[in-house]
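What follows is one structure encoded as structure tokens, with my remarks underneath.
The values are calculated or read from the model by the stated rules, or taken from the named source; none is laboratory data. The shown structure was predicted, so the numbers you read here are calculated from the model rather than taken from an experiment. Here Cβ is always computed from backbone atoms with ideal geometry, including for glycine, and neighbour counts include all displayed protein chains.
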Amino acid sequence: MASADARTSADASIRRRDVVVAVVTALVSIGLLLSLPAIDAIDAADPDGSSLGAVALGADAGSGGWWLLLVVLLVQSAALVPVRRLPGSVLVATAVAALVPAAVAGPLYGMTALPVGIAVVLLVLTVPPLRRWPALVAAAALVAGGVTISMVATAGAPLTAAIGQGLLQAVGVVVLPLLAALVVRSRREVGAARRDEQRALVGEREAMVDATLARERAAMARELHDIAAHHLSGIALMAGVVDRQIDTDPEQAHAGVRQVREQSSAVLDDLRRLVGLLRDESAAAERSVETFTTLPELVARTPGDVGFTVLRPPGSDDDGSFGAGVGPLAQLAAYRTVQEALANAAMHAPGTTCSVQVDDRSPEQVTVAVHNDPPSAGPVAGSSAGGFGLLGMRERAELVGATVAVGPAADGGWDVRLVLPREGSSR
């Protein structure tokens, strides 16, 4: 609806401009015609005896030819109004109208060229001239014919000279306005092309911003999923255990409640750090960096029977460090993969034994494996397998050039295996 209103308003504005052009053309043409006697009087009173022209242009004022020329100029000006809709027809009509007073207007006949020249300019500015070349050729021929008739009929000029003068007049009335209008049209098209280019660049920047925001939203969604899924799955598991122990083993139930509280505090702390990081870049330094060295802490915080082992090269020192040559982004991907695997095990195989193993023996890669035994009970009530965790694992692995494999284990359990290349190693 808004676009239709805008088009209607634009069309009305164009029509008003066309009417203004027609009115101005009529005023200028009639004004020149009416001022010719005054010009002749000034020329005759010139004290130096110089003359602006050998012919008194205002001598025929009030004659029949003069009135016919006045009517023709008005008709030509009125014909300019529909030039936007019928540019070729308007140009030919103004040139045809100019033929009417050719045999009687005498030296005043040249004034009919003004509306024709304006029609040429408006045609070129409205449509590409190559699409209306027949109208341009016809207008030039009509102008040349009119001048030839006028010179032969009123001045008695030889036909050859009259034809030459007619062709010269056609060049001045049609060709010169055509060239000037082409220059204006080309400048307008260059300006429009530049504006289109600017709009395209703005659209491209907006698309890049949207893509960046989409990537950031996906990254935040993965972070929130990893944080919440790990802790909340443990809370759900422990809540189910507490529910069964609260009557039979109150002491263990109290211990389970304390673990639920610890897990709840942990998830709140992690979420608070993440939100603070999003709010303020300066908070990045306050957030703990998840690397291989934080895996034992992650395993220790995970409820249930979870073991952690590191396979080191023979003869290496057991100083607590491992995974040399793996970048921080790849280590973060490994941490999140282990976190997601343990969360999935707690949700889909509650109460089973899990193991986390880091194989640091190969000089080219580090392998992180998470295994859980076959489930002895069904999944935690209310859990859902949306598949976003596995998708996040694969996306993180692809981001750092690692490979991840997930699937059933030979003993009926579940395996998650992440292979991280060391920096500088050929794969």
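Couple of notes before you dig in:
- Answer from 338, 326, 299, 289 - the residue that is at pLDDT 80 or above, of a type outside the set (Asp, Glu) and outside any helix (DSSP H, G or I): 326
- In this entry, residue 216 is excluded by the filter for residues that are exposed (fewer than 14 other Cβ atoms within 10 Å of the Cβ), modelled with pLDDT of 75 or more and assigned to a helix (DSSP H, G or I).
- Condition check for residue 8 on (1) part of a loop (DSSP other than H, G, I, E, B); (2) surrounded by fewer than 17 Cβ atoms within 10 Å (Cβ to Cβ); (3) at pLDDT 65 or above: one failure, at (1).
- Among the residues of the range 150-174, those that are out of contact with any helix residue (DSSP H, G or I) (no Cβ under 7 Å at 6 or more places or on another chain) and outside any loop (DSSP other than H, G, I, E, B) comprise 153, 160, 161, 164, 168, 171, 172.
- Flag if residue 197 is part of a helix (DSSP H, G or I) and modelled with pLDDT of 85 or more: yes
- Which numbered condition residue 99 misses (of (1) surrounded by 17 or more Cβ atoms within 10 Å (Cβ to Cβ); (2) touching a residue at least 24 places away in the same chain (Cβ under 8 Å); (3) over 52 Å from the mean Cα position of the chain (by Cα); (4) over 28 Å from residue 15 (Cα atoms)): (4)
- Hits in the range 302-315 - residues which are assigned to a loop (DSSP other than H, G, I, E, B), of a type outside the set (Lys, Arg) and either in contact with a Lys or Arg (Cβ under 7 Å, 6 or more places away or on another chain) or closer than 18 Å to residue 368 by Cβ (or both): 302, 313
One line per residue, one yes/no per condition, for (1) outside the structural domain of residue 94 (by TED's automatic domain parsing); (2) without any contact (Cβ under 8 Å) to a residue 24 or more places away in the chain; (3) surrounded by 14 or more Cβ atoms within 10 Å (Cβ to Cβ):
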{"residue": "144", "(1), (2), (3)": "no, no, yes"}
{"residue": "160", "(1), (2), (3)": "no, yes, no"}
{"residue": "169", "(1), (2), (3)": "no, no, yes"}
{"residue": "184", "(1), (2), (3)": "no, no, no"}
{"residue": "208", "(1), (2), (3)": "yes, yes, no"}
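- One residue alone among 161, 141, 211, 153 is closer than 26 Å to residue 102 by Cβ and at pLDDT below 80, and that residue is 153.
- Only one of the listed residues (359, 373) is touching a Cys at 6+ places or on another chain (Cβ under 9 Å) and either of a type in the set (A, V, I, L, M) or modelled with pLDDT of 90 or more (or both). That residue is 373.
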